[in-house]
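The values are calculated or read from the model by the stated rules, or taken from the named source; none is laboratory data. Not measured: the values here are computed from a predicted model. With ideal geometry, Cβ positions are generated from the backbone for all residues, glycine too; neighbour counts draw on all protein chains shown.
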Amino acid sequence: MLGNTPETSTTNWSSFPLQTREVQFDERWSFVAKKEKNCHDTNPADDRKGDTWDHVAIDAESRLIVSVVPGERTAKNIVAVS
């Protein structure tokens, strides 16, 4: 038989709404097409390229992602994820 049965399941299920007791915050850096240092303000093709950040709130127990705010690394985005 294909697929997971309850006895062989590799995932944990939690009831919703999640009862979060502890949240971990993290940020991940990445880039789109090329790094910011290689982008040029005078080149319109570079307008949507360069460094980007994901600000993430994760439930410490279940590892469920509670909130994600993509965008620049600004105080506004850091506050928004909480």
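Numbers below:
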| quantity | calculated |
| --- | --- |
| Ser30 being hydroxyl-bearing (Ser, Thr, Tyr) and without any contact (Cβ under 8 Å) to a residue 24 or more places away in the chain | no |
| Region 28-59, residues that are surrounded by fewer than 12 Cβ atoms within 10 Å (Cβ to Cβ) and under 22 Å from Leu18 (Cβ atoms) | Arg28 |
| Qualifying residue in region 2-9 (condition: β-branched (Val, Ile, Thr) and at pLDDT 90 or above) | no |
| Region 10-20: number of residues that are exposed (fewer than 11 other Cβ atoms within 10 Å of the Cβ) and either among the β-branched types (Val, Ile, Thr) or at pLDDT 90 or above (or both) | 2 |
| Residue that is nearest to the chain's Cα centre (by Cα), among those in region 35-82 that are of a type in the set (S, T, N, Q) and in a helix (DSSP H, G or I) | Asn77 |
